[in-house]
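Enquirer: One structure coming up, written as structure tokens, with questions to follow.
Where a number appears in this text, it was derived from the coordinates with a stated rule and is not lab data. In this text the structure is predicted, and so the values were computed from the model without any measurement. Positions of Cβ are backbone-derived with ideal geometry, glycine not excepted, and every protein chain shown enters the neighbour counts.
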Amino acid sequence: MSDEMKPLGRRIFTPTFFICLVIVAIAGYFTVKRFILGIGSISNMNDGFPWGIWIAYDVVVGTGFACGGYVMALLVYILNKGEFHPLVRPALLASMFGYTLAGVSVFLDIGRYWNVYNMFLPWQMNFHSVMFEVAMCICTYIFVLWIEFTPAFLAKWGFDKAGKKLNKVIFAVIALGVLLPTMHQSSLGTMMLMAGFKLSPLWHTSALPLLFLLTAVLMGFAMVVFESSISSRVYKLADETSMLTKIARIMAWVLGFYLIIRFQNIFMRGQMSNAFSGTFLGNMFLLENLMMLIGFFILAYPGYRSNPKLLFVAAVAVLVGTSLYRFNTYIIGFDPGTGWKYFPSVGEQMITYGLIAFEIAAYGVFVKVFPVFSAHPTAEAHQ
Amino acid sequence: MKIKRRDFIKGAAGGLALLTLDGQKAQARTVEALPPDALGILYDSTLCVGCNACVAACKQANSMPPEPYGEQRLWDNPQDLSASTLNIIKEYSSGTGDHKDQVENGFAFIKRQCLHCIDPSCVTACPVSALTKDKETGIVSYNKHVCIGCRYCQVACPYNIPKFKWNDPFPEIVKCQLCNHLIKKGGMPACCSVCPTGAALFGPVAKLQEESRRRLQMEPGKMYSFPVSSLDSGKSHAHKAPTYQQHVYGYEELGGTQVMYMSAVPFEKLGLPTFPKESFVSMASGIQYAIYKGMVYPLVVLVGLIVMAKKNKNEKESDQSASTPVKEETHE
């Protein structure tokens with residue numbers, strides 16, 4: 001395989017870059033305010049809804065979107081599907097930013113950030129806490145992602161010797177990079193088991209860990225399809241549809257399995273009538289699964305999934321469906337039962353938009369400076 | 001070799017699916033039991049006159065700021081538990097609200113505070129052991145010096161007890177700690193020591209349970225003696241026995257609590273939800289324990305992944321050196 005990766009080497013200061021910068025600056029203002037006046041000064045979170053979009057979007061949905069690196073590493077390095085190799089590094093880069101910014105978001109969200117070191121003191125660790133496991137896993141995985149991406153830095157700066165040395169041991173890091181997301185993505189589901197009656201039975205089930213693991217895989221693949229489609233347009237790279245179609249086939253199987261588990265679970269627990277009761281939560285359940293079904297029907301038919309436009313629609317439908325599933329589990333289906341309400345405030349939203357904008361801007365800079373893409377303009381999609 | 005690898009993956013995935021799907025079977029965790037010298041409070045709604053002396057005493061004992069409310073905002077008038085209020089008396093009222101301890105056209109009081117669960121969700125939830133349950137007294141206390149402010153305790157608590165100082169740049173979690181600092185000095189929770197009627201009664205949980213059973217057997221309308229402040233204070237007063245609900249809230253709710261409630265109106269009316277005997281925490285950690293006990297499964301999977309990644313890498317490298325001239329290669 002001659003998949004040499006090269007920097008795109010184009011103009012960095014594009015209009016998109018500046019728009020992103022403005023949004024980051026606004027988020028910066030609210031961040032400063034949060035550190036001076038407290039979380040309550042810029043957010044609508046309250047004692048009934050202690051977690052808002054900083055957790056539900058930035059961490060729970062955000063790291064799901066950032067599972068591209070996880071699923072591609074699983075496919076290429078563990079299941080030995082070398083054909084997908086060109087998709088690995090772009091996915092890894094997006095994962096690296098996704099996870100790193102989730103880490104930044106957590107730091108803004110936790111009230112007593114200066115105490116974070118206690119997490120690493122063996123005598124303070126609570127091994128019974130799902131939160132502890134998730135925090136440690138995500139923290140370690142951020143490092144793993146940066147190490148996994150390090151060959152790109154080394155190649156750029158010409159450290160060939162270090163590159164070769166790293167190459168000898170990196171398989172162990174890659175293995176860890178597959179294990180950790182399997183652990184914490186499922187645990188993100190386990191986390192909400194503890195909410196008990198506060199979480200609507202449409203989402204509260206002991207299958208939460210499995211459903212979260214499956215949505216992580218789906219989000220990872222859907223994001224790879226989504227990003228490749230956008231990148232090949234924006235950066236005018238060669239068409240990768242034939243490779244993405246193969247990914248789509250895998251997605252169809254995973255999504256089919258997910259839907260069977262999801263509906264069987266609802267049915268077995270006698271919640272089907274609740275789902276079709278026409279209530280707000282029932283409708284949210286239907287909407288979430290409608291998106292999944294739309295994605296499934298496109299992905300399941302070879303004729304549809306080989307069409308780049310339909311494939312893109314399917315990826316978007318799966319992304320919306322899975323993030324709705326996670327939002328529903330963390331916020332929308334959550335009701336502490338004492339009249340509390342929550343809707344994210346402007347400041348809260350701006351910080352989230354700022355993190356997303358930063359991610360887009362940084363991704364743009366990295367693909368231009370470092371060797372990320374191997375599909376080049378005018379080149380054939382397949383070597 | 002390929003088939004073996006596939007079998008391994010199937011086995012691993014199947015095992016994970018089984019563990020996650022069937023939480024009941026995966027129960028590898030012992031349910032917590034009541035500590036031997038557990039201390040607690042028995043709150044009897046029928047004895048409470050709603051004087052709010054306990055609310056004021058609690059604020060003083062725990063140095064909590066007043067919470068003015070309403071038009072004048074001159075005095076402490078908390079509306080609910082908050083970051084400045086660890087203990088509050090709330091009222092149930094219906095219709096004309098004339099008759100005490102009556103569901104129709106009546107009213108009743110309820111004292112809200114931390115119930116000091118026997119199997120507390122918050123303690124299991126806390127990643128850094130900032131919330132701990134004392135092995136002897138069973139008191140659930142908070143250590144702000146290690147708390148990271150993640151607020152998982154708030155999500156996990158079925159009674160919505162822990163509160164957070166939202167408008168403080170250096171916030172804390174706030175909850176009743178059964179006046180731990182006073183008990184250490186041989187005292188008792190401030191709310192119980194000031195309660196004039198014995199509605200809030202302090203004592204060892206086992207003895208309080210005994211006392212509650214005595215009350216359940218009382219003949220309604222007959223005069224009985226009720227201890228005041230604590231079981232061994234020596235103070236008591238005579239009172240007509242009410243018609244109790246034949247259940248003590250906290251005996252078995254979610255594994256039981258050390259603060260227990262007696263009432264003449266159904267507990268649901270007082271804002272105490274009907275809960276199953278098994279705590280949500282035991283369900284959640286049962287699954288977590290089964291997968292992560294001793295980190296055996298994760299380590300086995302990790303070794304498998306390393307072996308596979310290493311093997312694929314070696315295969316690829318030997319392919320390359322055989323078919324193509326040696327060339328510069330990055331890790332992928």
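Enquirer: Which whole-number percent is the relative contact order of the range A:1-156 (Cα, under 8 Å, 6+ apart)? Display every interim value, and only then the final one.
Expert: Working: 94 pairs, mean separation 30.5, N = 156.
The value is 20 percent.
Enquirer: Among residues other than B:Ile173 whose Cβ falls under 14 Å from its Cβ, what is the net charge (Lys/Arg +1, Asp/Glu -1)? Don't skip to the end; give the middle numbers.
Expert: Details: positive: A:Arg112, B:Lys144, B:Arg151, B:Lys163, B:Lys165, B:Lys175; negative: A:Asp47, B:Asp168, B:Glu172.
Cβ neighbours under 14 Å give a net charge of +3.
Enquirer: Can you run phi through the Karplus equation (6.51, -1.76, 1.60; θ = phi - 60°) for the range B:263-270 and list ³J(HN,Hα) in whole Hz, with x for Gly and Pro?
Expert: For the range B:263-270, the Karplus curve yields 7, 9, 9, x, 4, 4, 5, 8 Hz.
Enquirer: Would you please classify the overall shape of the protein assembly as shown from the alpha carbon gyration tensor, given that a ≥ b ≥ c denote the square roots of the eigenvalues, rounded means a/c under 1.5, and beyond that prolate means a/b larger than b/c while oblate covers the rest?
Expert: Values: a/c = 2.31, a/b = 2.17, b/c = 1.07.
Prolate is the answer for the protein assembly as shown, as a/c is 1.5 or above and a/b outweighs b/c.
Enquirer: Quick check: Cα centre of the range A:244-294 to Cα centre of the range B:222-282, how many Å?
Expert: For the range A:244-294 versus the range B:222-282, the Cα centre distance is 44 Å.
Enquirer: With an 8 Å Cα cut-off and a minimum separation of 6 or more residues, compute the relative contact order for the range A:142-272 in percent.
Expert: Numbers: 76 pairs, mean separation 25.8, N = 131.
Relative CO of the range A:142-272 lands at 20 percent.
Enquirer: With no solvent and one equal point scatterer placed on each C-alpha of the range A:204-266, evaluate the Debye formula and give log10 I(q)/I(0) for q = 0.23, 0.25, 0.27 Å⁻¹, two decimals.
Expert: For the range A:204-266 at q = 0.23, 0.25, 0.27 Å⁻¹, log10 I(q)/I(0) is -0.90, -0.99, -1.08.
Enquirer: Ok, one more. Which net charge results for the neighbourhood of A:Tyr235, defined as the other residues with beta-carbon distances under 15 angstrom from its beta-carbon, given Lys and Arg at +1 and Asp and Glu at -1? Provide the component values of the computation, followed by the final result.
Expert: Working: positive: A:Lys6, A:Arg10, A:Arg11, A:Arg89, A:Arg233, A:Lys236, A:Lys368; negative: A:Glu227, A:Asp239, A:Glu240.
Summing Lys and Arg as +1 and Asp and Glu as -1 gives +4.
Enquirer: Between the range A:136-189 and the range B:142-184, how far is it from one alpha carbon centroid to the other, in angstrom?
Expert: Taking the Cα centre of the range B:142-184 as reference, the centre of the range A:136-189 is 37 Å away.
Enquirer: Could you pull out every residue, at least 5 positions away or on a different chain, whose amide H is within less than 5 Å of the one on A:Leu199? Hs are placed 1.01 Å off N in the peptide plane, and Pro or chain starts have none.
Expert: The answer is A:Asp335.
Enquirer: Pairs of alpha-carbon atoms within less than 8 angstrom and 6+ residues apart define the contacts here; what relative contact order does chain B have, in percent? Don't jump to the answer; show the numbers that get you there.
Expert: Working: 560 pairs, mean separation 71.8, N = 332.
Once divided by the residue count of chain B, the mean separation gives 22 percent.
Enquirer: When you count, for each residue, the other Cβ atoms within 10 Å and take the mean per peptide, how do A:266-279, B:134-147 rank with the highest first?
Expert: Working: A:266-279: 13.6, B:134-147: 18.3.
Ranked by mean Cβ neighbours within 10 Å, highest first: B:134-147, A:266-279.
Enquirer: Ok, one more. Based on the Cα coordinates of the range B:195-332, what is the per residue volume of their convex hull in Å³?
Expert: Working: hull volume 26.5 nm³, N = 138.
It is 192 Å³ per residue.
Enquirer: Still on this model: What angle do you read, to the nearest 10 degrees and between 0 and 90, between the alpha-carbon axis of helix B:296-323 and the longest principal axis of chain B?
Expert: 20 degrees
Enquirer: Any chance you could give the angle, 0 to 90 degrees and rounded to 10, that helix B:2-21 forms with the longest Cα principal axis of chain B?
Expert: 0 degrees
Enquirer: Taking the convex hull of the Cα atoms, report for chain A its projected area averaged over all directions, in nm². Mind dumping the intermediate values first?
Expert: Details: hull surface 80.6 nm².
Reported value for the Cα convex hull: 20.1 nm².
Enquirer: What's the magnitude of the charge dipole for chain B around its Cα centre, counting Lys and Arg as +1 and Asp and Glu as -1 at the beta-carbon? Answer in Debye, nearest 20. Provide the component values of the computation, followed by the final result.
Expert: Values: 37 positive and 32 negative charges, 152 e Å.
Approximately 720 debye in magnitude.
Enquirer: Using θ = phi - 60° and the Karplus form 6.51 cos²θ - 1.76 cosθ + 1.60, what ³J(HN,Hα) does each residue of the range A:102-111 get, whole Hz, x for Gly and Pro?
Expert: Values per residue, Gly and Pro as x: 4, x, 4, 4, 4, 4, 6, 7, 6, x Hz.
Enquirer: Out of A:Leu311, A:Phe327, A:Phe366, whose Cα points farthest toward the positive end of the dipole of the protein assembly as shown (charges: +1 Lys, Arg; -1 Asp, Glu; placed on Cβ)?
Expert: So the residue furthest toward the plus end is A:Phe366.
Enquirer: Also, quick follow-up: Provide the packing ranking of A:289-302, A:152-165, B:118-131, i.e. peptides ordered by the mean count of other C-beta atoms within 10 Å per residue, highest first. Before the final figure, lay out the partial values.
Expert: On the way: A:289-302: 19.1, A:152-165: 14.9, B:118-131: 25.9.
Listed from highest to lowest mean packing, they are B:118-131, A:289-302, A:152-165.
Enquirer: What value, in deg cm²/dmol to 500, does the helix sum -39500 (n - 2.57) over DSSP H runs of n ≥ 4 give at 222 nm once divided by the residues of the protein assembly as shown?
Expert: Details: 22 runs with 348 residues, N = 715.
When only DSSP H runs of four or more count, the value is -16000 deg cm²/dmol.
Enquirer: Then there is this: Run the dipole for the range A:192-310 about the Cα centre, Lys and Arg Cβ at +1, Asp and Glu Cβ at -1, nothing else charged, and hand back the magnitude in debye, nearest 20. Walk me through the intermediate numbers first.
Expert: Numbers: 9 positive and 4 negative charges, 13 e Å.
Once rounded to the nearest 20, the dipole reads 60 debye.
Enquirer: What is the average number of partner chain Cβ atoms found within 10 Å of a Cβ in B:154-163? Don't skip to the answer; put the middle values down first.
Expert: Values: counts 8, 15, 11, 6, 7, 3, 8, 1, 2, 3.
Across the residues of B:154-163, the mean count of other-chain Cβ atoms within 10 Å is 6.
Enquirer: Enumerate the calculated ³J(HN,Hα) couplings along the range B:281-291 in order (Karplus 6.51 cos²θ - 1.76 cosθ + 1.60, θ = phi - 60°), each rounded to whole Hz, writing x wherever the residue is Gly or Pro.
Expert: Whole-Hz 3J(HN,Hα) from phi for the range B:281-291: 5, 6, 5, 5, 7, x, 5, 4, 5, 4, 7.
Enquirer: Greater than 21 Å separation of Cα atoms is the criterion. Which listed pairs, B:Lys59/B:Lys175; B:Lys90/B:Lys207; A:Lys81/B:Lys310; A:Lys198/B:Lys100; B:Lys207/B:Lys269, meet it? Please list the in-between numbers first.
Expert: Values: B:Lys59/B:Lys175 12 Å; B:Lys90/B:Lys207 26 Å; A:Lys81/B:Lys310 14 Å; A:Lys198/B:Lys100 31 Å; B:Lys207/B:Lys269 27 Å.
Beyond 21 Å between Cα atoms: B:Lys90/B:Lys207; A:Lys198/B:Lys100; B:Lys207/B:Lys269.
Enquirer: To the nearest 20 debye, what charge dipole does chain A have about its Cα centre, counting +1 at the Cβ of each Lys and Arg and -1 at the Cβ of each Asp and Glu?
Expert: Values: 25 positive and 17 negative charges, 99 e Å.
Once rounded to the nearest 20, the dipole reads 480 debye.
Enquirer: Roughly how crowded by other chains is peptide A:352-361, in terms of the mean Cβ count from those chains within 10 Å of each of its Cβ atoms?
Expert: On the way: counts 0, 0, 0, 0, 0, 0, 0, 0, 0, 0.
Neighbouring Cβ atoms belonging to other protein chains average 0 per residue here.
Enquirer: Aspartates and glutamates near B:Lys235 by alpha-carbon distance under 19 Å, same-chain residues fewer than 8 away left out - which ones?
Expert: Reachable aspartates and glutamates: B:Asp44, B:Glu210, B:Glu211.
Enquirer: Cβ under 11 Å from A:Val104's Cβ, A:Val104 left aside: what net charge do those residues give with Lys, Arg +1 and Asp, Glu -1?
Expert: Values: positive: none; negative: A:Asp58, A:Asp109, A:Glu359.
Surrounding charge for A:Val104 is -3.
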